[in-house]
Each structure stands twice: as structure tokens, then as C-alpha cells.
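Notes for the one structure printed next.
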Amino acid sequence: MGQRITQVDAFADQPFRGNPAAVCVLPAAGEESWMRQVAQEMNLSETAFLHRQADGFNLRWFTPVVEVALCGHATLASAHVLWEEGHVAPNDEARFYSKSGLLTAQRQGAWIELNFPAVLEEPAPAPDGLAEALGTLFLYVGKNKFDYIVEVNSAEMVRKLQPNFSELRKLGARGVIVTSRSDTPEFDFISRFFAPGSGIDEDPVTGSSHACLGPFWQRRLGKTELVAYQASARGGVVRVCVDGDRVMLGGQAVTVLRGELVGRADGTS
């Protein structure tokens, strides 16, 4: 028997929207080189690998290029798979032990709510070449432990950005979040996320960036509950609730593919 793998569109209520992630629920810890090869083969922004431990699951995330310390959409996809495939009872909380500590997920009707650590940013000088790489002026630049965050003047500017990815790759951060207030009443803010240095020119919908965007826009809008839109080509909606040093991220998920990897997690076939 090979290893089952499931592809899920996260932060989406229908197939071929949101952000695709592959999920492998393993019988035991996987061999790292094998996980990296699977992530390269899947060629999605993230592939998640889980195995059961104590009262939850160990969870690791890999892009086609690097392992990352925090990923929202692949955690959402993982929770969806655990409930859908019966690894966790329908009304039970899904618990994940990760490089960013304990993360949890709960079902809220058709939505899944993730409990993530807030990722706070501070004002930072714009790195050399940022304006040229983005091709736009900005109102504010900050930095958190992963990414730069850039506020621009309008939602239209966010949507029309055509960055120079080779120049962004030189900035030395995981990625760049670009955001503005929304110009439509159903959303509070919109964003896009670029991470060419991590092997992803533009991520379709990024849960971990909203762990930063939530506190960022809470301070500016005076609201703890917000609705966000990530304005990539695929697009996706994220519900955000800021609660002290935690951020609740809400999204939907849809399974689009189930398959079997011939190679086993110990690297043999």
C-alpha cells in the first residue's frame, strides 16, 4: 500500500478557488528528505505532513523549496482532512503541534476556525529596492518575524500590483504582505502576499499573513472582528478575530483530489 494524499482548496467554498494544499496523514513521523521530495512533486505552495501524537497531531509544512514555521491554509486543509477521513470525531477539536506551538481548529458549521498566535509587526525602514520591486509607493512599511508588511493607498493599487519577483527575492524575508482598506462594504481590508524567496511568487490565500493583518487592522479600524479578502487570481475570504495574543482565522475548505503516493514515508518504494 502506498501513502494516501489529499488535495484541498482552503479558504474556498467551491473547487478551484482559494489556496490548494496537499495533506498526508502518516502512520509515523516521515523521513524529512522524503517529505521535501513530495512537496517538490506536488508543486503547491504548501504540503502538510501529520502524524498522531498524544492528544493531537504533529504538523509540518513544506513549500517546494523550504520548510516553513507557520502556515494557515495548509492547517485549515489538514483539519478538514482529519474530520472528513474520520481521524478526528466531527465535533471534536483538531489539535496540532508545530514549530509555532500548539494550534487548534474547530468546526463552526460550514466554516473552520483556526486558533493561531498573533504575529505582530513593528514599523521598519523600507529595504532598498522595495518600492521598485513592488512598482508602487506606500503609506507604511513594517516587519514581523517572517515578513514585511506594506500598506498602500487603495484597494485598486493592491489589485493592480505586478511585482518584480526577482527583485523581491533579494529582500531577505519570507515574503511581503501588501494591504489596504477595502473599497467594498463586505470586507474590511484586502491584501496580497508575495514570497518568491520561499518558492512562491504569489500565494493565493495566506492564513499566516492574517495573523499579522488582524492586529494591524484592528489598531487602524478599532474592530476586533474583521472580514478580509485576499485579492489573488483565485481569491479567498478570511474571517479574522483578534483576541489578545491570539488570532482566530475562519475559512472554508473543499476536497478536490485523492490519490496514493507509491513511495513510503521512510523513503522506500
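The values are calculated or read from the model by the stated rules, or taken from the named source; none is laboratory data. None of these values were measured; they are calculated from a predicted model. Heads up, the Cβs are rebuilt from the backbone with ideal geometry, glycines too, and the neighbour counts pull from every protein chain shown. Accessible surface areas use protein heavy atoms only, side chains included; no ligands, DNA or RNA. Shrake-Rupley method; radii C 1.70, N 1.55, O 1.52, S 1.80 Å.
Annotations
One line per residue, one yes/no per condition, for (1) surrounded by fewer than 16 Cβ atoms within 10 Å (Cβ to Cβ); (2) of a type outside the set (A, V, I, L, M, F, W, C); (3) within 16 Å of the chain's Cα centre (by Cα):
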position: ARG4; (1), (2), (3): yes, yes, no
position: GLN7; (1), (2), (3): no, yes, yes
position: LEU44; (1), (2), (3): no, no, yes
position: LEU70; (1), (2), (3): no, no, yes
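- Scanning the stretch 133-145 for residues that are among the hydroxyl-bearing types (Ser, Thr, Tyr) and open to solvent by 30 Å² or more (accessible area, probe 1.4 Å) yields a total of 1.
- Listed by first and then second residue, the pairs linking a residue in the stretch 160-184 that is closer than 17 Å to PRO204 by Cβ and open to solvent by 40 Å² or more (accessible area, probe 1.4 Å) to a residue that is of a type in the set (Ser, Thr, Tyr) and modelled with pLDDT under 95, with Cβ atoms under 8 Å apart and 6 or more places separating them unless they lie on different chains, are ARG174/SER198.
- Here TYR148, TYR97 are screened, and the one residue that is within 20 Å of VAL240 (Cα to Cα) and either open to solvent by 20 Å² or more (accessible area, probe 1.4 Å) or outside any loop (DSSP other than H, G, I, E, B) (or both) is TYR148.
- A search for C-beta distances below 7 Å between a residue of the stretch 192-210 that is touching a residue at least 24 places away in the same chain (Cβ under 8 Å) and any residue that is hydroxyl-bearing (Ser, Thr, Tyr) and surrounded by fewer than 22 Cβ atoms within 10 Å (Cβ to Cβ), counting only pairs 6+ apart in sequence or on different chains, returns ARG192/SER232; GLU202/SER232; PRO204/SER232; VAL205/SER232.
- The listed residue being surrounded by 16 or more Cβ atoms within 10 Å (Cβ to Cβ) and closer than 21 Å to CYS241 by Cβ, out of LEU130, LEU76: LEU76
- ALA118 open to solvent by less than 50 Å² (accessible area, probe 1.4 Å), small (Gly, Ala, Ser) and in contact (Cβ under 8 Å) with a residue 60 or more places away in the chain: yes
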